[in-house]
Each structure stands twice: as C-alpha cells, then as structure tokens.
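I have placed the structure first, in the form of structure tokens, so that the comments after it can refer back to it.
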Number of protein chains: 2
Amino acid sequence: MDKPSDKGPSETRPGKGPGASGGGSGEGGRPDARAEAAGRPTLKTIAFMTGLGVTTVSRALKDAPEIGVETRRRVQLVARQVGYRPNRAGVRLRTGKTNVISLVLNTEEQIGGFVSDMIYGISEYLAQTPYHLIVTPYSRNNDPLEPVRYVVETGSADGIIISRTEPDDKRVRYMLEHGFPFATHGRTEIGTEHAYHDFDNHAFAQEAVKKLAGLGRKRLALLAPPSPLSYHHHMRNGFLDAMEEFGLAEVPFNTVTVDHSIERIRARTLQLMQRPNPPDGIVSGGGGATFAMVAGIEDAGLKVGTDIDIVSKQSAKLLHLFRPELYVVNEDVRLAGRELARSVIALIDGAPAASLQSLSAPGPVLARGE
Amino acid sequence: MDKPSDKGPSETRPGKGPGASGGGSGEGGRPDARAEAAGRPTLKTIAFMTGLGVTTVSRALKDAPEIGVETRRRVQLVARQVGYRPNRAGVRLRTGKTNVISLVLNTEEQIGGFVSDMIYGISEYLAQTPYHLIVTPYSRNNDPLEPVRYVVETGSADGIIISRTEPDDKRVRYMLEHGFPFATHGRTEIGTEHAYHDFDNHAFAQEAVKKLAGLGRKRLALLAPPSPLSYHHHMRNGFLDAMEEFGLAEVPFNTVTVDHSIERIRARTLQLMQRPNPPDGIVSGGGGATFAMVAGIEDAGLKVGTDIDIVSKQSAKLLHLFRPELYVVNEDVRLAGRELARSVIALIDGAPAASLQSLSAPGPVLARGE
DNA sequence: GCGCGGGGCTGTAACGTTACAGCTTGCGAG
DNA sequence: CTCGCAAGCTGTAACGTTACAGCCCCGCGC
C-alpha cells in the first residue's frame, strides 16, 4: 500500500544499459583532483597524492601487514608531511569508537573541591593518547545514574570515570550490566570485579588515631564523609579498629560530614565542644571541612594543639599555613586522576578489570614544617 | 567528468539480472524492516515506523515549514516515544557542527585553583543546550597556542574558552584571524572586538586601597598576578590610581606573583617584612597566595590586623576562617563560567561579539563575619 | 602451457545525517 | 482540458572512515 512507485533506483542516472555488472573500474577508481584543494587533508588527499586507493592508504597508516613495506612507508611519510589527522567524526560514525573518556561530576559546590586536580591528573595521562576528556555533570536534584545512562546509551564516550562511589553503587551495576568500560574513584562491595583507584582511608584513619593516641589523647571524634559513600565506611572502620586497639572512647560527631557547608560544620563543632565531655582529638576526612571545624573549636574558646589535636586529610596543601599545630596526611588526587585514566584506557584495550585496581597508601602523618 | 561509474548500484545484491535499471522498485524504497531491530533508533527507524522517508523525518524533527503540520507532529511523537537522539557523529560528519565547547586549560598546579568552579559554571549553562564540554589541556612547557591551534585545525569544537588572557594574546589573534568563535576570561588590548568576561580588578584594587587608607595605612604593597597577564595591569593600575588619590607610597613587592609557589611567596614576604620600611598594608590578588603571604608575615613576628592590614581577593571562601582579621572581596568564578559559556554559544549563533562583553563588579570589601 | 596461490592492491557499501534536486498530487487559472 | 504552481514528500549523494569481497599479476609446480 505505501510502496513507492515501481521505478528503479537509478533511472535518473545517465547510465548504462543492462548487463552493466562487469564494467566500471578504471577511471572511476582514483579520487579526483579536487581532493588536492584547500581544507584538511583526508585519506582521499593522501590517496590522490600517492596515486593509491583510499583503502590502501587507510590500511597502510595502521601498519597492516598486507600492504607492502615500501608503500607503507611512503604513505606514512606523505601523511606526516601534509599533517594528516584522522577525522574523528568519520571514525566514530564508522566504528563507534569515540576516543573520548567521560568524567562524570557532581557539580555541587564542594569546599576545597579537589576536582581540578583530578582533571589535571586525567588530562596528563590522556595527553599521550588519542583520547579527549569530556566533562558530564549532574546536580543534586538529578539522579546520579542519569548522566551515566546518557553516556552509555548515546555511546558518547568509550569509557567513564566516576567518583563518590557507594558500596552498592547503582551506576556501577548499570555499567557492569551493560559491559561498559569504567573506573571508579573509590571501591564498591559489588561482587563483580571492576577497575578502581582508591585512597586507603582505613589506613589513614588508623594512622590518625595512632598519632592522637601517641599524643595522649583519649576521647576522639571522627569527622567522616557522608555515610552513603564507600569511603565513609573505610574511614570509619579504620577509626574504630584503631580506637579498639588503643582502648579509646569515641565521642560521636555525626549529623555532620565533610560535605556539609562551612557554617553547618562550624556550628555543629562549636556545639560539640561545649558539651560536657568534648573530644580532645579529632580525625578529619576533608581539608576544607577542617577549616570550618577549627573555626568552631576556636569559637568555643579552645585551642588546637593545646586543648585538642587534629589529624586531617588534605588535597590542597594549605592546612599547615592555616594552623601549624594541625597534623596532616596528604592525598594525591592528581595521582588518582592519572591512575583512573590509565585504568579505563587499559580496560578499553581489553585488560582484565581485576588487574586495574589500586589502593594508594597514605603518606606519613605530618606535623608543621614537615 | 566526475560522474559515478557506469554500473548499476545493486549488482552485488542478491537479485535481478540484466536490465535491472527499470526494475527494483518495491522493497528498495522504504528503509527495510531491519531498521526496527535492536540498538539505538535512528532516522531510519522512525522513517520505517511512520512510513515516511528519512529526509522527511529529518526535516520534520527540525520543524521545517515544508512538512505538513500533522506529519510533523506525528513524527515528533514517535521520535519522543522511541527516545530518538540524533547521532552526534552523523551530524558532525555531515555538517561539521560538533556541539562541543572546548575549555583550554593550563594544567599547572595552581594554589587554590578555581578551575573547578569555572567548570561547574560552564557545565551549568551548557546543561540547557546540546553542547558538551571538553577539556583541552596544556602544560607549561607547551606553547599555549598549541591546544588552540589543535582545536581550530581539527575542528574538534565549535567554540573555545580560554583564560589567563594577555593584552596582546596570540591565541586571541589566531582565533580572530581564523574567524573561530571564542570567549576569553579576561580582556585583551587587541583592537578587534571579541567576547569576554572579566572581573573588574581595577575597581577591586581601588576599593582595596581605599579600605586600607581608611584604616590609616600608609605604606602599601601589591601582590599582583604575573605581569604578562591582562589583569596584572588592571589590578596594578587600579592600585596606583587609588594610591595617588590618597597620596600613599608604594612598597615594591615584585619578583613574586600570586602564581608562585607557597614557599616562594612565603619566603619573599618574610624578606619584605624584615626590610627597613615594611608595608603596613597589602592588597592581594589571589586567595591561595594570601595564605602563603600571611604565613610569611607571621614568620617575621608580625600580626595581621595589628601590624599590617590585608585586603585579598578570594574565590573559595576560606580566608575568614584562616585569619578573621583579613578583609576579603569575593570573586564569583562560577558566574564567570556561566557567562563565558553563554557568550560562546551566542557567538556561534551569530550574535555580535561586541554585545558579549561583561565586566563583573567586585562586591564590597568584607570584614570578618560579614 | 596451465592452474593455483597469494601478495598487494582495489572498489563498494555502510555508519547517520543533511543539502539538494527532484517527483507527485491536487487545484485553480486559462 | 491543459498548464502551472505550490504543498508535501521523496531519493541520492556526500561528509571520512573501515570491513569486506574482490581483482590482478606474478611465480611456482607440474
């Protein structure tokens, strides 16, 4: 019923009668002279210059063995001379390969956000590859799964890097189910292996407690990451393990996390310090949060290094300038970026996920000038 | 002359003997049933579902007037139902439009880097557009022009955002010459109009000096940005203008800029404060740098708010926690990101560059709790 | 002298999209 | 009745790349 009319597909062409099947070839074979014109060189340009076919040029450029060695060299020489760069859209359309890695980011304001370092790290690694870095954002009101689904569904990248990983992360489940290459900043507790890089927050918290215990502190509090996140548990477990080891008592410091606003952390800390048995030592999971926390402590009229000691993780190196009495452990987020980038690419190239898992040991607990 | 070869288009297909040119019909006209199969829907899928031609569907989806109103609605309905999303590679290959904005970044470690905010701002704006954000890095040893040239030459983005703008910026000249849409964070002194967003560093420095003069400070120093950058001059001129207005003397504080390392700034500040006539007021162009500078001041045994007053610009809001005696002026980098994104897109859409220039007035000089 | 194999190269089609140049059909004017 | 025209739809080619299925020719075995 909705068939088109009966005429053949090519009757408007100037062509050839019946039995055309053998003909052609010859002159039609070479790309015409216009290829030589302005604009970016394409395979066609090189084909024209070398007198070869586009296919040959394509194969020669990727060192295919069925192209003669001399031809290969000749093509590569010409390609280099004219500054040939494969057209990404062409490759992508044909092969589905995007040569893009997507970094999925929560764009909420985060104090002391280490996102720049992460990006620098990733860029640093990608610079030696043909990959580009694309930033895919989501905001609090959106489902964190949404950007991931978008990238996977539209195939707009070959791999994804996510952070703020949860123990049972649905983004991870989704990507695993879809066989999509990804690496997470932080571990999960999902059975299936996947690529990750993580800072050893368990060890960090242990070392921090050990330090405070060594300083003679008895009542310790932990300013932890938000409880949904994986590293909340790592840090908390490390904290509790060491607390038990040293026989110390925890002063609860919940209702607030390293992700809360400066005002909130500050107010809550003040409150905490004014209660009957305030902590005399705090382990802080975030550099920015430590600023706010110290402010709260001082609001209460107490002094860091005297009334209380603090061991804090930091990614920017500003805490010692802030209060020299603070003890700090540095987290190298740039390194994390590099590792994550390396992992996704390796994964894309077929490496097994289990071999792409790394844990970054915390450096020593540093006092002032160290 | 460049007619296609003479043979029929379908000789390798399973069909049809000689004389095929008239026949064929039927099945050839409509996209075949396989279009219906799995995978992402394409125009072909919708064409098949609606019984229309691919062209019609394409036109209908962009509301072309030559498609009947009812057809248009029908196509759009189906497209929505099946979750059609144009294939970016297809569009890009055909039209050259990438729907990508490139943010060109120096990946040097910068203290207190505001890059995250910039990215958040850009993302925030791009979220309501079809554009993606791609980060194109360069490191110190590379020519800053290189990434720009790369993007322009390979057409890997429709527009570029750059920062660290210089008065006679060669990247800007290059993009102007090539008619490539771009927006700069910071102004230039190049004759040709171009899109920019800038913080009014002249006004900032003026207000800062005014504040310090009001506090009775007489010998002021300026911790400025690196001299090649445009905003070095703005800030410096604002500083000097106000100094003259209030009849104050400048204490030279060169050989160091807001971009130097913490150690360098700290050491240089100590040195400065130990000289015969140290400044009793400082204007600082960078939040991170102020941390280091204050450390240097305190190394010299002096106290901020007593021996010396400081007015500093900041993008993260940590300075008041650091030393409550500091006076601060906030710079909203996220806003800058939003503005810059808005500008490039407008430019791409044909708006005149002269209408896409904005200057962000500094907020008031804030004391402690304010 | 012929057939065969393979090295070295080739064209075609396809990925999904859009610009372009038609093709129908219906309708009103002549 | 024919023509012209416009509305509405159509197929083809092309963007640059790669998978695929050849093609040609040479040298070798028999």
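Values quoted throughout were computed directly from the atomic coordinates according to the rules given, and no laboratory measurement underlies them. Remember, it's a predicted structure, so these values are computed and weren't measured experimentally. We place every Cβ from the backbone using ideal geometry, glycine too, and count neighbours over all the protein chains shown.
Near the amide H of A:LEU105, under 5 Å away, which other amide H atoms are found, from residues 5 or more places off or on another chain, if H is placed in the peptide plane?
A:THR136, A:TYR138
How high is the relative contact order of chain B, given as a whole-number percent (alpha carbon pairs under 8 Å, six or more residues apart)?
Answer for chain B is 16 percent.
Please state the relative contact order of the stretch A:250-353 as a whole percent: Cα pairs under 8 Å, 6+ residues apart?
21 percent
By DSSP, what percent of the beta bridges with both residues in the stretch B:267-370 are antiparallel, rounded to the nearest 5?
Restricted to the stretch B:267-370, the bridges split so that about 10 percent are antiparallel.
Amide H to amide H, which residues 5 or more places from B:ASP198 or on other chains are under 5 Å from it, using H placed in the peptide plane?
So B:ASP198 has HN proximity to B:GLY186, B:SER358, B:LEU359, B:SER360.
How well do other chains shield peptide B:182-192, expressed as the mean number of their Cβ atoms within 10 Å of each residue Cβ?
The shielding value for this peptide is 0.
Taking Cα centroids, how far is the stretch B:102-157 from the stretch A:163-229 in Å?
What the calculation gives is 30 Å, centre to centre.
Given 0.36 nm per residue, what is the gain on full extension from A:LEU215 to A:GLU370 after removing their alpha carbon distance, in nm?
54.1 nm
Considering every pair of different Cα atoms, what Kirkwood radius, in Å, is found for the stretch B:258-370?
About 15.8 Å for the stretch B:258-370.
Give the aspartates and glutamates reachable from B:LYS218 as a straight Cα distance under 16 Å; neighbours fewer than 8 places away on the same chain don't count.
B:GLU207, B:ASP241, B:GLU244, B:GLU245, B:GLU250, B:ASP280, B:ASP307, B:ASP309
I need the peptides A:78-88, B:122-132 ranked by packing, meaning the mean over residues of other C-beta atoms within 10 angstrom, with the highest value on top.
Descending mean neighbour count gives B:122-132, A:78-88.
Mind putting together the pair-distance distribution for the stretch B:293-333? All Cα pairs, 5 Å bins, whole percent per bin, short to long.
It works out to 6, 23, 32, 21, 11, 5, 1, in whole percents.
Nearest 5 percent is fine: what portion of the DSSP beta bridges confined to the protein assembly as shown is antiparallel?
Here the share of antiparallel DSSP bridges comes out near 5 percent.
Roughly what % of DSSP beta bridges within chain B run antiparallel, to the nearest 5?
Roughly 5 percent of the DSSP beta bridges within chain B come out antiparallel.
Under a plain spin-label model, where a point goes 7 Å from the Cα along Cα-to-Cβ, how far apart in nm are A:LYS303 and B:ARG40?
Modelled inter-label distance: 6.3 nm.
Two decimals, Cα atoms only, Kirkwood Rh: what is Rg/Rh over chain B?
Expressed as Rg/Rh, it is 1.19.
Computed over the Cα atoms of the stretch A:53-166, what is the convex hull's projected area averaged over all directions, in nm²?
Averaged projected hull area, Cα only: 9.7 nm².
Could the peptides A:266-275, A:60-69 be put in order, highest first, of the mean number of other beta-carbon atoms found within 10 Å of their residues?
Output ranking for A:266-275, A:60-69: A:266-275, A:60-69.
How far apart, in nm, are the 7 Å Cα→Cβ label points at B:GLN271 and B:ASN330?
According to this spin-label approximation, the distance is 3.6 nm.
Taking a ≥ b ≥ c as the square roots of the eigenvalues of the Cα gyration tensor of the stretch A:192-347, is the shape rounded (a/c under 1.5), prolate (a/b larger than b/c) or oblate?
Prolate.
Please report the Cα spread of the stretch B:224-316 along all three principal axes, rounded to whole Å, starting with the longest.
Rounded to whole Å, the extents work out to 32, 29, 24 Å.
Between A:LEU240 and A:THR192, with labels modelled 7 Å along Cα→Cβ, what's the label distance in nm to one decimal, could you check?
2.9 nm
With a ≥ b ≥ c the root eigenvalues of the C-alpha gyration tensor of the stretch B:133-202, is it rounded (a/c under 1.5), prolate (a/b larger than b/c) or oblate?
Note, shape of the stretch B:133-202 comes out prolate.
Hey, could you get me the Stokes-Einstein D for the stretch B:171-249, Kirkwood radius over alpha-carbon pairs, 4 °C and 1.567 mPa s, rounded to whole µm² s⁻¹?
92 µm²/s
Per residue of B:128-137, how many C-beta atoms from partner chains lie within 10 Å of its own C-beta, taken as a mean?
Partner-chain Cβ atoms within 10 Å, mean over residues of B:128-137: 4.
What order do you get for B:278-287, B:330-339 when each peptide is scored by the mean count of other beta carbon atoms within 10 Å, highest first?
B:278-287, B:330-339
Suppose the Debye formula is applied to equal point scatterers at every Cα of the protein assembly as shown; what is log10 I(q)/I(0) at q = 0.06, 0.07, 0.12 Å⁻¹?
Values, matching the q order: -0.47, -0.62, -1.43.
Rounded, prolate or oblate: which fits the stretch A:124-259, taking a ≥ b ≥ c as square roots of the Cα gyration tensor eigenvalues, rounded meaning a/c under 1.5, else prolate when a/b beats b/c?
It comes out prolate by the Cα gyration axes.
For chain A, what is the calculated [θ] at 222 nm in deg cm²/dmol (nearest 500), taking -39500 (n - 2.57) for each run of four or more DSSP H residues and dividing by its residue count?
Helices in chain A give a 222 nm mean residue ellipticity of -11500 deg cm²/dmol.
Considering Cα pairs under 8 angstrom that are at least six residues apart, work out the relative contact order of the stretch A:95-253 and quote it in whole percent.
This gives 20 percent for the stretch A:95-253.
What is the mean number of Cβ atoms from other protein chains located within 10 Å of the Cβ atom of each residue in peptide B:115-123, rounded to a whole number?
Per-residue shielding by partner chains comes out at 6.
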